[in-house]
Structure formats: structure tokens, C-alpha cells
Amino acid sequence: MAKIIVDGKEIDVPAEYTLLQAAEEAGAEVPRFCFHERLSIAGNCRMCLVEVKGGPPKPAASCAMAVKDMRPGPNGEPPEIFTNTPMVKKAREGVMEFLLINHPLDCPICDQGGECDLQDQAMAFGVDSSRYAENKRAVEDKYIGPLVKTAMNRCIHCTRCVRFTAEVAGTGDMGAIGRGEDMEITTYLETAMSSELQGNVADLCPVGALLAKPQNFRARPWELQKTESIDTMDALGSAIRVDTRGREVIRILPRVNEDVNEEWISDKTRQVVDGLKSQRLDRPYLRENGKLRPATWQEAFAAIAGKVKAASPDKIGAIAGDLCAVEDMFALQLLMSSLGTKNVDCRQDGSKLHPKYGRASYIFNSTIAGIEQADAIMMIGSNPRKEAPVLNARIRKRWLQGNLLTGVIGEQADLTYTYNYLGAGPDSLKQFVDHAPASKERPMFIVGQGALARDDGEAILSMAAKAAQALGCVKDGWNGFNVLHTAAARVGGLDLGFVPGEGGLEAKSMASGGVDMLFNLGADEIDIAPGAFVIYQGTHGDRGAHRADVILPGAAYTEKSGTYVNTEGRVQMGARASFPPGDAREDWAILRALSAVLGKTLPFNSLAELRAALYKAHPHMAAVDTIAAGNAADIAALGGVGGSPSGGAFVNAVQDFYLTNPVARASAVMAECSQLAASRMQQAAE
């Protein structure tokens, strides 16, 4: 720690802190445009000027000078800086005046109005008039993709977007062309950006030069109701804020959560908004004479009750989808138990993960933040860039720090960082089973669903656990055996034990004709064979609804309060931001009403009562934002399960990042992004 005096206040800060960070630590407000805590220092906006005592007779850029670079006083006093002297005030006014020379007066029509750093700082640190009357510089707007709109007349060349795409996203999509007054920010040949994180540049832009294109001219910030919630587009559980106007979701923005997503979200998380209202199921439907017709809740429940009475318990099954909240699965589990069936499964992709092997066998044990502690990472049957882009950015962040050994077993892909390609399938993994311990302190395995959602997934999971033990991934104070999930509901379902009981059928067996009656709770990624009577409870007219005999309209993740457990086992709470359309209801409420009609009334009448029962059965669900750690001994036991893997190569679970669930498939924006990505891959192949 180093001592520094800021505006007469002496504080202790790390020597690596910039003067800007030290000033903020002391409670002083320092304006800035180019500086960002998670990006490299550019020092080109000059708005963060401060006065350094004993320094040159001009202000210094506080973002570009570190505390350790400061000279002490003549008698050894701590270095001193001032953030509000006349020199600093005059300098900042001059910088602001220069910034506004070419900035257009677009505030009345600019979407950034109300959330604009330039607007706020011009009020706080600028002057009330300008000495310049010349024509303003005009810059042509650029096409950089379907997600980000440009208004480059407003650009102040802070280069945040350039540094983000180069450093965090790893694609280097954006850059500067020209020099001096001809400098412009653009993509190469004005092509669409290729990153799955590109939407974050709109958040980073301190002016209205880069804006979210799908939300352009939709609403003003002060019109929106803001609700803090959790994302379900992947298994990361990113912290988000859902902004609504009336019953409509207008936009989704990231919230800061250092342990999970820092302050980034993927493009699917951000721009799936239009999918929340397209192709929605807003009333019950009943299939008669091969065609679905609108029905009342009573008619739908009566049809289900008639089929339940005619079916034997061993011919009834239930599959839970990838977007289900824990409360919904718990209610369905209780209902199936009351009907006497053991045919339940939350693994619609056929994954061989099972709670009988212990929690450590199916969670990201080292935690997401733990990636920054790793010194070797092996990815098995996984492409984290598509399965969890924000987690992939965390791996890249660690890779940029240096001294990180990375390897991939599975499909080769551009992960935005270099890695050693170790092979395509189980044979390559087998080489590490009897390997000598790695010469690394904190090695890590990341096992993806591409390795586990196979017929031999159990044998591969066991082999991976054995290899992790051999390499020293599991040791005192470090558990580097990690499973990367792709479904937001999966860990919660495994925690509940939503898997087949003794003699019960798995999801694929149920879907291929193993049952006469199937409850489908939002499972749209599985094909159900003809024959069974299917009750689909979900949100969109997707694959599950097309196969259904009865449709019960449910609530999307933004329309209900629900618990989710992310890939690292962190219990998270999503909040309701709007209401479901038409006659749609929350899933647990539908199941409670249905249970009464079936004569198997569930033991709760409200969400609070349901959660009380849930917490009694699974106490760790009550500890929101905490992780119940897995037992490292379970990894050793898992390694002893054994089995004979087949020889086929691993195929990554996510092939099209933009169309992985019914909400995304209903989104026109995601469809456009998917088409662009496909054409980009085709061009690369040619």
C-alpha cells in the first residue's frame, strides 16, 4: 500500500492504482470518457485532468499516471494531488469545449439522452457557451451489424469500443482509420461485427455514437420500469436488468456481478427481447381430429384428467426443459410422485450427469471467478465461446495475463485465444488417465455437454474424472474438475433429483415411445415420437407445442419470480418484470390447479408456501447467491465408475449460438444474427 493525499485527505491505496482510482477511493469525483476499469488505458480524452503538487505547471491525466510514479514531498511527505483547483476547472472546461466543437446537438432525438456521459459531464464540468462558430465535422454512419446502430457524428474517439473488441471480445472487429480530423471509428470494410459480445460496445460508448439498434427510438430511459433479474439464455446466470414499459419488455442490460459476468452479457441475452412477445402461447389449446383448437382451462384439465385415469403410473412420464425455474420442476416432481411414476428427467439432451455421483460431479467446482486463478485449462467436448461467451471472455482475460497453458479435446474452433489441439475424441482423453501429475499449481478441466450428452457419456465423465485426478486438478484447496452446462435449468434439476427413479425411463426413452402419457414442461429440444398423449406446458409455439395434444400456456423467465442454479452451483433469484400474455399463467400455479383436478392436490397454495416446502426438502436453495460446494472425494469415486467409451469424436452441444431455445428462435433479431454467422462460416470454408 502507498500513501497519497487527495484534496487534503490522506489515504492508503495499492501502489498500482492510477491517480483517478486513488481520487475515487478518497471520495473525489473525476470525470472521464476514455478510461474504463476493465480496459487498457488510452489516455486520449484528457477529461480526467488533476493538479499534481510539485509537478509541472500544467494538469496531468489522472488515468495515465500511477500512484507509484508520484514523487514524495521535499521532506518525505506523501505525494499530493488536487481535483478541484482553478487550474483543474479551467483545463476541464477547455477539454469539454473542444469535445463539443464537432458534437451535434442531437440530444432531443438521441437515444442516449438521459444516460449520456457527455451530457452529464457537460453540465457538471463544462461552460455555458462556446467560442467556435465553424461548421461541425460530418462523418458518414457505418454498418457494423444488426445489433449496434451507429451515429458517428457524435463519436468523440474515446476508443472504448476498439479496446473492448480487441481485449475482451478478442475479435478485433473495430478500429480507427484516418488521422487527425479525418479519423473515424469503424469495422474493417464496414462489415458486421463477429463477436457474441458485440452489444456491450453500446453500453461502453459514453455518447450516442453506438446504440442498440433493435431498441432504437423505442423509449426514453425515464419511461422504463427497471427490474433486477437473472439471465437464462445459458447456464452462466448473468446478472441482468430488465427494463419494461407497461407489460412490454423494452430492453435487457447487464448488472455488475464480479463473481459471474463482471459487467458483460452475451448478445443473445441482450437482444432476445423481441422473442419474448413473438409466437407466444396465450391460451390453452386442445387437439381434436388432428388439429389444435382454443380451449378453456377447464376443458384442458378435464382432457388431461381423463387420460391420467386411463393410464397406468409406469406409462406416465415428465420431461423438464432448459428454461424451467426450480420451483416449477419441484412442483412437477411432487405431482409425478403423487401419480406414482418414476419416469422423470431434466436432461432432455441425453446428458449422463446424475446426482448419485455427488454435486461435485456436475458443477463448475472451481467457480467462474476461479478461472483467473488457473494456470492450465483443458476443454473437453466444449466450445465456451458459443456455450457461454461471457465465461469465454473470462478465460481470455486469464490468457492475456500470460503463463496459461490451454488445450482442447473435441472440435477445433476460434476461441479468441491460442490453445494446443490435443485430439478429437475419447482416445485423446484416455492418454491423460495415467498421466504424471501436471507441473502446474492449479490445473483445470472444463467438460462440456458435447462429451456427456452421448450414449457413452457416463464412461467419458468417469474417464475425465480419473484424468483430472491423475493430472492433479483436484487437491487440497483446489478443485479444478468443472462441468460447463448449456441449460439454465440443468443444475437446479439435478439438485432436486429430477432424474429417473429406480427402474424409471430417461428422457430419450420416454420421447421414443416408452410412455403413453408425457408431461412436457418446456422441453423444446427433443423430438417426441407419435403415439403418446403429450401435455405441453410452455411459452412459445415451438417444437413442443407442435407435437402437443394439450397446450397449457406458461410464463417466460421475465414474467415470473423463480430460482435458478447456474453452472457453478450458485443459487440465484430471478424477478418478475412483466406479466404473461392473455390467459397464460406461472408454471407452478398451473401445476397446482391441475393437481386439484386430478385429485392429487399439491401441498401449497402460494409461491411462498411452495418455496417453504422446497427449502425444507433442499435447504441449500434458501441460500441465495451462495454456492454449496461439492465434495472433492466424489471426483475420486466418479473416476472409479469406469465404462467403455466408443471412438466417435466429440461434437459440441451448441452449433448455432443464436437459436438455442424457443425464446431465441422466436426472435427476428436472433434469426438475422444466425444468418450472418452462417454466411460468415460459409465464406471461411470457401
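The values are calculated or read from the model by the stated rules, or taken from the named source; none is laboratory data. Since this is a predicted model, take the numbers as computed values, not measurements. Cβ coordinates were reconstructed from backbone atoms using ideal geometry, including for glycine residues, and neighbour counts include every protein chain displayed. Surface accessibility is based on the protein's heavy atoms, side chains included, excluding ligands, DNA and RNA. Shrake-Rupley method; radii C 1.70, N 1.55, O 1.52, S 1.80 Å.
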Holding the Cα-Cα limit at 29 Å, pick out from K90/K397; K277/K386; K268/K356 the pairs that are longer than that. K90/K397; K268/K356
In whole angstrom, note down how far apart the Cα centers of region 294-315 and region 465-544 are. 25
Nearest 10 degrees, 0 to 90: what angle lies between the long axis of helix 457-471 and the longest principal axis of the chain (Cα atoms)? 50
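Please work out the FRET efficiency for the pair S606 and Q279, using the Cβ-Cβ distance as r and a Förster radius of 35 Å; give the result to the nearest 0.05. Walk me through the numbers before you get to the answer.
Values: r = 30 Å, r/R0 = 0.87.
In this case the efficiency is close to 0.70.
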So if we plug the beta-carbon distance of A15 and M681 into 1/(1 + (r/R0)^6) with R0 = 51 Å, what FRET efficiency do we get, rounded to 0.05? 0.60
Taking one equal scatterer on every alpha-carbon of region 365-431, how large is log10 of I(q)/I(0) by Debye at q = 0.12, 0.26 1/Å? -0.28, -1.25
Once ligands and nucleic acids are excluded and a 1.4 Å probe is used, how much of V624 is accessible, expressed in Å² to the nearest 10? 70
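Of all the C-alpha pairs in the chain, what % are more than 34 Å from each other? Intermediate values should be presented prior to the final figure.
Working: 121035 of 234955 pairs.
Roughly 52 percent, once rounded to a whole number.
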Once label points are set 7 Å from the Cα along Cα→Cβ at both K90 and Q431, what is their separation, rounded to one decimal in nm? 6.9
I'm a student and want to see the number: the projected area of the Cα convex hull of region 1-93, averaged over all directions, in nm². 5.7
Ignoring ligands, DNA and RNA, how do L484, L292 rank by accessible area with a 1.4 Å probe, largest first? L292, L484
Based on a Kirkwood Rh over C-alpha pairs, give the Stokes-Einstein translational diffusion coefficient of region 554-622 at 10 °C and viscosity 1.306 mPa s in µm²/s. 119
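Could you work out the mean projected area of the convex hull around the alpha carbons of region 349-485, in square nanometres to one decimal?
Working: hull surface 30.3 nm².
The number I arrive at for region 349-485 is 7.6 nm².
Across region 444-572, how large is the tail of the calculated P(r) beyond 21 Å, expressed as a percent of all Cα pairs?
Working: 4522 of 8256 pairs.
Roughly 55 percent, once rounded to a whole number.
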Rounded to two decimals, the Rg over Rh value of region 118-234 from Cα coordinates and the Kirkwood Rh reads 1.00
Which semi-axis lengths, in whole Å and largest first, follow from the square roots of five times the eigenvalues of the Cα gyration tensor of region 564-686? 36, 29, 16
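How would you rank 438-446, 657-665, highest first, on the average number of other Cβ atoms within 10 Å across their residues?
Details: 438-446: 20.8, 657-665: 23.6.
Packing order, densest peptide first, comes out as 657-665, 438-446.
For K268, K475, give the ranking by accessible area with the largest first, probe 1.4 Å.
Details: K268 5, K475 80 Å².
Greatest to least solvent exposure: K475, K268.
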Evaluated over region 629-673, the Cα radius of gyration and Dmax, each in Å: 18.6, 48
To check you understand DSSP bridge types, tell me what percent of the beta bridges within the chain (both residues inside) are antiparallel, rounded to 5. 55
I'd like to know which of A325, A302, N343 lies farthest towards the positive end of the charge dipole of region 268-345, counting +1 on Cβ of Lys and Arg and -1 on Cβ of Asp and Glu. A302
Under the √(5λ) rule applied to the eigenvalues of the Cα gyration tensor, what semi-axes describe the equivalent ellipsoid of region 524-564? Give them in Å, descending. 22, 10, 9
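How do 318-325, 357-364 rank on mean C-beta neighbours within 10 Å, highest first?
Values: 318-325: 27.6, 357-364: 24.0.
Ranking the peptides 318-325, 357-364 by packing returns 318-325, 357-364.
Nearest 0.05, what FRET efficiency do R293 and F579 give at R0 = 25 Å with Cβ-Cβ as r? Before the final figure, lay out each step's value.
Details: r = 25 Å, r/R0 = 1.00.
Given R0 = 25 Å and the Cβ-Cβ separation, E is 0.50.
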Could you list, bin by bin from short to long, the percent of Cα-Cα pairs of region 98-186 in 10 Å steps? 14, 44, 35, 8, 0
Can you list the residues, at least 5 places off or on another chain, whose amide H is less than 5 Å from the amide H of D322, using H built in the peptide plane? D524
Scalar couplings 3J(HN,Hα) for region 306-315 by Karplus 6.51 cos²θ - 1.76 cosθ + 1.60 (θ = phi - 60°), nearest whole Hz, x for Gly and Pro, are x, 6, 5, 5, 7, 9, 7, x, 6, 10
For region 382-399, 3J(HN,Hα) per residue [Karplus equation, 6.51 cos²θ - 1.76 cosθ + 1.60, θ = phi - 60°, Hz, x = Gly/Pro]: 9, 10, x, 5, 9, 7, 7, x, 6, 5, 4, 5, 5, 5, 5, 4, 5, 5
Can you grab the distance from the C-alpha centre of region 405-460 to the C-alpha centre of region 212-257, Å, no decimals? 36
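Report, to the nearest whole %, how much of the accessible area of region 520-619 belongs to carbon and sulfur atoms, 1.4 Å probe, protein only.
C and S fraction of accessible area: 54 percent.
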Which residues' amide hydrogens lie under 5 Å from the amide hydrogen of I240, considering only partners 5 or more residues apart or on another chain, with H built in the peptide plane? S229, I230, D231, R255
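Using only Cα atoms, what is the ratio of the radius of gyration of region 217-296 to 2.2 N^0.38 Å?
With N residues counted in region 217-296, Rg over 2.2 N^0.38 Å equals 1.45.
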For K9, counting only lysines whose alpha-carbon sits under 18 Å away and dropping same-chain residues fewer than eight positions off, the answer is K53, K68
With a 1.4 Å probe and all protein chains kept in place, how much accessible area does M336 have, in Å² rounded to the nearest 10? 0
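Rounded to the nearest 500, what is the chain's calculated 222 nm mean residue ellipticity when only DSSP H runs of at least 4 contribute -39500 (n - 2.57) each, over all residues? Could you put the intermediate results ahead of the total?
Working: 20 runs with 177 residues, N = 686.
Here the helix-only value at 222 nm equals -7000 deg cm²/dmol.
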Under a point spin-label approximation (7 Å from Cα along Cα-to-Cβ), what is the H546-W222 distance to one decimal in nm? 4.7
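As an exercise, take the mean of 1/r over every pair of distinct alpha carbons in region 29-161, invert it, and state the Kirkwood radius in angstroms. Don't skip to the end; give the middle numbers.
Working: mean 1/r = 0.0594 Å⁻¹.
In region 29-161 this quantity evaluates to 16.8 Å.
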0 to 90° range, to nearest 10: angle between helix 86-101 axis and the chain longest Cα axis: 70
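Tell me the per residue accessible area of the chain using a 1.4 Å probe; a whole number in Å² is fine. Could you put the intermediate results ahead of the total?
Details: 27640 Å² over 686 residues.
With all protein chains present, the chain gives 40 Å² per residue.
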Once the Cα atoms of helix 326-339 and of the chain are each reduced to a long axis, what angle between those two axes, in degrees from 0 to 90 to the nearest 10, is obtained? 0
Going Cα to Cα from K136, which lysines come in below 22 Å? Please leave out same-chain ones fewer than 8 positions away. K149
Accessible area of S512, 1.4 Å probe, to the nearest 10 Å²? 80
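For region 310-379, take N as its residue count and report Rg(C-alpha) divided by 2.2 N^0.38 Å.
Details: Rg = 16.9 Å, N = 70, 2.2 N^0.38 = 11.1 Å.
Cα-based Rg divided by the globular estimate yields 1.53.
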Mean Cβ-within-10 Å packing, highest first, puts peptides 346-356, 84-94, 487-497 in the order 487-497, 346-356, 84-94
Pull up all non-local amide H partners of F445: gap of 5 or more, or a different chain, and H-to-H distance under 5 Å with H placed in the peptide plane. M378, F481, N482
Once you keep just the Cα pairs under 8 angstrom separated by 6 or more residues, what percentage relative contact order results for region 204-323? 14
Go through region 537-548 residue by residue and turn each phi into a ³J(HN,Hα) via Karplus (6.51, -1.76, 1.60, θ = phi - 60°); whole Hz please, and just put x for glycine and proline. 10, x, 10, 10, x, 9, 4, x, 5, 5, 8, 6
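Length gain on complete extension for the stretch D128 to V651, per 0.36 nm per residue less the alpha carbon to alpha carbon distance?
Details: separation 523, 0.36 × 523 = 188.28 nm, distance 6.15 nm.
Extra length available between D128 and V651 comes to 182.1 nm.
If DNA, RNA and ligands are ignored and the probe is 1.4 Å, what is the ranking of F432, F579, F604 by accessible area, most exposed first? Before the final figure, lay out each step's value.
Values: F432 35, F579 105, F604 5 Å².
Ranking F432, F579, F604 by accessible area, largest first, yields F579, F432, F604.
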Can you check how the C-alpha radius of gyration of region 170-286 compares to 2.2 N^0.38 Å, as a plain ratio? 1.26
